[in-house]
Amino acid sequence: MQQVLVLNASYEPLNVTTLRRAHVLVFKGKAEVIEELNRPLRSASSTYRWPHVIRLVHYVRVPRAIQRKISRRALFARDGWRCVYCGTTAGRLTLDHVTPRSKGGESIWENVVTACAPCNHRKGNRTLKEANMELRFLPKPPAPTLFIQLSTPKIPTGWKQYLPDLAAA
Ligand SMILES: [Zn+2]
C-alpha cells in the first residue's frame, strides 16, 4: 500500500498522496498518523509507523480558484457516467458547455456537463433556453472524495470511515 489518504485538520478528506510524501509530512510535524498499517517503515537508521491515513495539523483552505482541473474522466464520474439531458448511459459521452464558450461560457465545473453525443449535437451552439433543453441537476464542483476514488483502483477499507460521501461503486 503505497498510497496514503490525507485529511484536513477538520478530518475532511483532501487527497491521496504517496507514502514518501506522507512520511515527510509526519516527520516534519505537519501531519499526524491517524491510521497506520501493521508493518514497520524502515529507513537506513530508523523504523517508523507506516501511515495509511494522515491528518494535517493545520487546516488548509482549498480556494475555489484552484479547484481541481476538469478532466473527462472526473466529469463523467461526477455525473454518474450518464447524459445530464436525457439520462442515457449508452453511447458515446461528451463534454458539453452548458453556456457555450462562444457565448461566454467558462470551462468551470459549474458550466460543464456530461452529454451523450446526440444531445450535444442537438443542443449545438445554443443556450439551454434557446435549445429548449433542461439539466437533470445543477452542475457543481465534485467533492474531494471523487478524486480520491479516481486516484486509487480500490478504496482501502481503512479509509472508508473518513470518506462519508463515498459513492457506492
Ligand atoms: Zn443525451
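The values are calculated or read from the model by the stated rules, or taken from the named source; none is laboratory data. None of the values given here were measured: they were computed from a predicted structure. Please note: Cβ atoms are built from the backbone with ideal geometry, for glycine as well, and neighbour counts cover all protein chains shown.
Taken over the range 81-123, the criterion of being in a loop (DSSP other than H, G, I, E, B) and either near the ligand (Cβ under 9 Å from one of its atoms) or without any contact (Cβ under 8 Å) to a residue 24 or more places away in the chain (or both) is satisfied by ARG82, CYS83, VAL84, TYR85, CYS86, GLY87, THR88, THR89, GLY91, GLY104, GLY105, GLU106.
Criterion first (part of a strand (DSSP E or B), at pLDDT 90 or above and either over 29 Å from PRO156 (Cβ atoms) or of a type in the set (A, V, I, L, M) (or both)) does ILE54 satisfy it?
On the way: part of a strand (DSSP E or B): yes; at pLDDT 90 or above: yes; either over 29 Å from PRO156 (Cβ atoms) or of a type in the set (A, V, I, L, M) (or both): yes.
In short, yes.
For the range 125-149, filtered to residues that are without any contact (Cβ under 8 Å) to a residue 12 or more places away in the chain and within 15 Å of the ligand (Cβ to nearest atom), the residue that is nearest to SER71 (Cα to Cα) is ALA131.
In a residue-by-residue description of the range 24-40, the property of being within 16 Å of the ligand (Cβ to nearest atom), at pLDDT 95 or above and among the small types (Gly, Ala, Ser) applies to no position.
With the structure loaded, tell me whether ARG78 is within 30 Å of THR127 (Cα to Cα) and either among the aliphatic types (A, V, I, L, M) or out of contact with any His (no Cβ under 6 Å at 6 or more places or on another chain) (or both) or whether it fails that test.
On the way: within 30 Å of THR127 (Cα to Cα): yes; either among the aliphatic types (A, V, I, L, M) or out of contact with any His (no Cβ under 6 Å at 6 or more places or on another chain) (or both): yes.
Yes; evaluated as a whole, the condition is true for this residue.
Of all residues in the range 94-106, exactly one satisfies the criterion of being within 23 Å of GLN149 (Cα to Cα) and either of a type in the set (S, T, N, Q) or in contact with a Cys (Cβ under 6 Å, 6 or more places away or on another chain) (or both), namely THR94. Taken together, the residues in the range 1-51 that are under 21 Å from LEU166 (Cα atoms) and not in a strand (DSSP E or B) amount to 7. Take the residues of the range 16-49 that are among the hydroxyl-bearing types (Ser, Thr, Tyr) and touching a residue at least 12 places away in the same chain (Cβ under 8 Å): which is surrounded by the most Cβ atoms within 10 Å (Cβ to Cβ)? Of everything passing the filter in the range 16-49, THR17 is surrounded by the most Cβ atoms within 10 Å (Cβ to Cβ). Checking each residue in the range 54-76 for being over 30 Å from HIS23 (Cα atoms) and either within 15 Å of the ligand (Cβ to nearest atom) or in contact with a helix residue (DSSP H, G or I) (Cβ under 8 Å, 6 or more places away or on another chain) (or both) picks out LEU75, PHE76.
Here ILE155 meets each of (1) in contact (Cβ under 8 Å) with a residue 60 or more places away in the chain; (2) outside any helix (DSSP H, G or I) with one exception, condition (1). Within the range 124-147, restricting attention to residues that are at pLDDT 90 or above and assigned to a helix (DSSP H, G or I), which residue is nearest to ARG78 (Cα to Cα)? Within the range 124-147, the match that is nearest to ARG78 (Cα to Cα) is LEU128.
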